[in-house]
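Participant: Before anything else, here's the structure in question.
The values are calculated or read from the model by the stated rules, or taken from the named source; none is laboratory data. All figures in this text were calculated on a predicted structure; none of them were measured in a lab. Positions of Cβ are generated from backbone atoms using ideal geometry, with glycine treated the same way; all protein chains shown enter the neighbour counts. Accessible surface is based on the protein model in full, side chains and every heavy atom, while ligands, DNA and RNA are left aside. Shrake-Rupley method; radii C 1.70, N 1.55, O 1.52, S 1.80 Å.
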Amino acid sequence: MSTEQTAWGDAEGRRRDILSSAERILEEQGYAGLTMRAIAVGAGVSSGTVYQYFSGKEDVFAALMERRLDELRRTLASVDRTLGIAGVLKEVEPQVTEFWRRFGRSAAQWEAKVLSGGRRGKEAANSAQDYRKTLKALAKALEETASASGQELIDDPALPHWVWDSLIGLADDLLLQGARINRVKPAQLVAFATGAIERGIIAR
């Protein structure tokens, strides 16, 4: 439960409390444990207060995703393009891994409720749009980085989707420590994977 009281009338602060409570529950119990009542208890408010901000747990979940994707998009916009494609991917990899650590267990629910036409509230619709904007930001960062290095990317709309999926796969292995079992250090895996992604998207 939240131990600090948000000032009465601080709507943004109350919303942050609700989302912080939901993020803790999601991490500890997964999507199944994410109920409006549990969120309210964790935030120190009534269930009715939570419903003033979100129409259901799908919208809360979507808002959490949106917040993390916003942070990732800001990093993609500001990362140094002179690092090269592999270098840029190394810079964003920790955020992608943290994103997957928090939401990976609930990926199926995200697909079902938000991206695949499930029950959509305002937050869910906004978050689906935010996801697409993140892919566009990734594509833009890759294009600008390639240009800065005198390289040219393969011209295919699937490219940013493939890069994103590759980063998620890398994040999954880092979290499960699959490579470490085979005595491959995390830094070595990241270096190899980001280099392989770069080689895979550069036009020959």
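Participant: Say each of Ile202 and Ala11 gets a label point 7 Å from the Cα, pointing the same way as Cα to Cβ; how far apart are those two points in nm?
Facilitator: 5.1
Participant: Something else: I'd like the carbon and sulfur percentage of the solvent accessible area for the chain, probe radius 1.4 Å, heavy atoms only, ligands and nucleic acids excluded. Working shown, then result.
Facilitator: On the way: 5510 of 10890 Å².
Carbon-and-sulfur percentage of accessible area, whole number: 51.
Participant: Over the chain, what relative contact order in percent results from Cα pairs under 8 Å that are six or more residues apart?
Facilitator: Numbers: 210 pairs, mean separation 44.8, N = 204.
It comes to 22 percent, rounded to a whole number.
Participant: Leaving ligands, DNA and RNA out of it, rank Ser55, Ser106, Ser20 by accessible area with a 1.4 Å probe, largest first.
Facilitator: Working: Ser55 65, Ser106 0, Ser20 45 Å².
So, going from the largest accessible area down, we get Ser55, Ser20, Ser106.
Participant: Give me the accessible area of Arg105, 1.4 Å probe, in Å² rounded to the nearest 10.
Facilitator: Accessible area of Arg105: about 150 Å².
Participant: Which residues' amide hydrogens lie under 5 Å from the amide hydrogen of Thr35, considering only partners 5 or more residues apart or on another chain, with H built in the peptide plane?
Facilitator: So Thr35 has HN proximity to no qualifying residue.
Participant: Post the alpha-carbon centroid distance, the stretch 37-104 to the stretch 176-195, in whole angstrom.
Facilitator: For the stretch 37-104 versus the stretch 176-195, the Cα centre distance is 25 Å.
Participant: A 25 angstrom limit on the alpha carbon distance is what I want to check against. Which of Lys90/Lys133; Lys133/Lys185; Lys90/Lys140 exceed it? All intermediate terms of the calculation are to be shown ahead of the outcome.
Facilitator: Working: Lys90/Lys133 20 Å; Lys133/Lys185 33 Å; Lys90/Lys140 16 Å.
Exceeds cut-off: Lys133/Lys185.
Participant: Across the Cα atoms of the stretch 20-62, what radius of gyration and what greatest pairwise Cα-Cα distance (Dmax) are found, in Å?
Facilitator: Rg then Dmax for the stretch 20-62, in Å: 9.0, 25.
Participant: Ok, one more. Computed from these coordinates, which is Kirkwood radius over Cα pairs in Å: [x] 17.6; [y] 18.4; [z] 23.1?
Facilitator: Calculated Kirkwood radius over Cα pairs in Å: the matching label is [y].
Participant: For a quick check: with amide H placed at 1.01 Å from N, whose amide H comes under 5 Å from Leu153's, ignoring anything fewer than 5 positions away on the same chain?
Facilitator: So Leu153 has HN proximity to Ala203.
Participant: I'd like to verify something in the chain: which complete DSSP H helices, judged by Cα projection on the helix axis, reach 24 Å or more and average at least 0.0 on the Kyte-Doolittle scale?
Facilitator: Numbers: long enough: 11-29 (27 Å, -1.09); 57-78 (32 Å, -0.52); 84-103 (28 Å, -0.13); 122-148 (39 Å, -0.73); 159-176 (26 Å, 0.83).
Within the chain the helices that satisfy the rule are 159-176.
Participant: Got a number for the accessible area of Ile181? Probe 1.4 Å, square angstrom, nearest 10.
Facilitator: 130
Participant: Follow-up question, since we're still on this one. Could you provide, to the nearest whole Å², the per residue accessible area of the chain with probe 1.4 Å?
Facilitator: Working: 10890 Å² over 204 residues.
Roughly 53 Å² per residue, with all protein chains present.
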